């Protein structure tokens, strides 16, 4: 047995309750185990809309882009174009001879020299010294400088960023927030990797992703914008009010993702479908292989899904309270390090998208779980909808 039929129906009942209560207008969910796949679509593409949510509906997957960017980086490592511990200066001279803030809250001119260059590994593990400053907006000079330069520190907004060369030039005008390797900082490493991949491969970032990942995996609907003939499948995006749960329009189908962006963001820029994301998540679960195609080596997958952070790096990092007690960080994704609830198996790996999506693969149970909505999370902590989906998925296991 793989799943209990009766318990699978409980997943539907739990999720449909959130749609019926208006927490989200619609969603698509998928659970897979031992090759048995169950997908469920319910609700509508938009609040007060008539178009039904479908299995092939398209979503802004925001930070679920990060693991894909990390996988693309590892393909270039396998090609021997990049090496994990080499400085990135050869490809990104804008980031050579770094200066580092003396104090994260201090003026950006008050710096000391970097103790060493930034490496590819630093970018993959989010320990390069660049990243989101987890503080009130406008409360620190470095945070304000990054916002003024449109360096993608807030919610994804692809129409506002400059092109990749200008983006990396602007980043290079700012000091590192911390010494390379000192601590984990979210987000920016993936955007730098997108520029690095393009320069090291001699292709645009999107062209490399399409040739080396999307086409081999059959991810036909994944990219940095939605084609005109697919707009009718594209869900409307909403911001969720953390106090009331009310939904406010964030992006319409003909909005920012309806045209190619100036900057294809490796941190949060992709749109996709649940089956495309399943192809990627299942490939990672099968140690780099999908069907007969060995897309990524088993060694790369193992490296990507290993916790690379030291206790000191975790202690120094500001993130969700208690997160590092049960999680680590691999390359572009999180790894569960301690079981503390029904669905948190040690070794499980994946990541979430703050605009309303989540993917996790679990080697212990040979299981993939994906949930896609377009209603934003109200904090870095998973909303109850996701937590209940995970619980319902794991209670359905029948061994």
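The values are calculated or read from the model by the stated rules, or taken from the named source; none is laboratory data. Fair warning: this is a prediction, and the values are worked out from it, not measured in the lab. Note that we place each Cβ from the backbone using ideal geometry, even for glycine, and neighbour counts take in every protein chain shown.
Could you check how many residues of the range 27-60 are closer than 30 Å to residue 191 by Cα and in contact with a helix residue (DSSP H, G or I) (Cβ under 7 Å, 6 or more places away or on another chain)?
10
Given the structure, is residue 263 in contact with a strand residue (DSSP E or B) (Cβ under 9 Å, 6 or more places away or on another chain), crowded, with 21+ Cβ neighbours inside 10 Å and assigned by TED's automatic domain parsing to the domain that holds residue 352?
So residue 263 fails the test.
Condition first: in a helix (DSSP H, G or I), at pLDDT 95 or above and surrounded by fewer than 21 Cβ atoms within 10 Å (Cβ to Cβ). Can you find one or more residues in the range 157-167 that meet it?
Yes.
Of the conditions (1) outside any helix (DSSP H, G or I); (2) under 30 Å from residue 212 (Cβ atoms); (3) over 18 Å from the mean Cα position of the chain (by Cα), residue 245 clears all except one; give me its number.
Tallying (1) outside any helix (DSSP H, G or I); (2) under 30 Å from residue 212 (Cβ atoms); (3) over 18 Å from the mean Cα position of the chain (by Cα), residue 245 fails exactly one: (2).
Farther than 23 Å from residue 240 by Cα, under 15 Å from the mean Cα position of the chain (by Cα) and in the same structural domain as residue 38 (by TED's automatic domain parsing): does that describe residue 329?
The answer is yes for residue 329.
Could you say which residue among 76, 123, 84 is at pLDDT 95 or above and crowded, with 22+ Cβ neighbours inside 10 Å?
Criteria check complete, one pass: 123.
Can you confirm whether residue 200 is within 26 Å of residue 149 (Cα to Cα), buried (at least 19 other Cβ atoms within 10 Å of the Cβ), more than 21 Å from the chain's Cα centre (by Cα) and modelled with pLDDT of 95 or more?
yes
Being within 25 Å of the chain's Cα centre (by Cα) and under 23 Å from residue 334 (Cβ atoms) narrows it down to one of 84, 45, 92, so name that one.
84
If we keep just the residues of the range 331-348 that are touching a helix residue (DSSP H, G or I) at 6+ places or on another chain (Cβ under 7 Å), at pLDDT 95 or above and surrounded by 21 or more Cβ atoms within 10 Å (Cβ to Cβ), which is farthest from residue 388 (Cα to Cα)?
331
Among the residues of the range 96-107, are any touching a helix residue (DSSP H, G or I) at 6+ places or on another chain (Cβ under 9 Å), surrounded by fewer than 20 Cβ atoms within 10 Å (Cβ to Cβ), part of a helix (DSSP H, G or I) and modelled with pLDDT of 95 or more?
Within the range 96-107, not a single residue is touching a helix residue (DSSP H, G or I) at 6+ places or on another chain (Cβ under 9 Å), surrounded by fewer than 20 Cβ atoms within 10 Å (Cβ to Cβ), part of a helix (DSSP H, G or I) and modelled with pLDDT of 95 or more.
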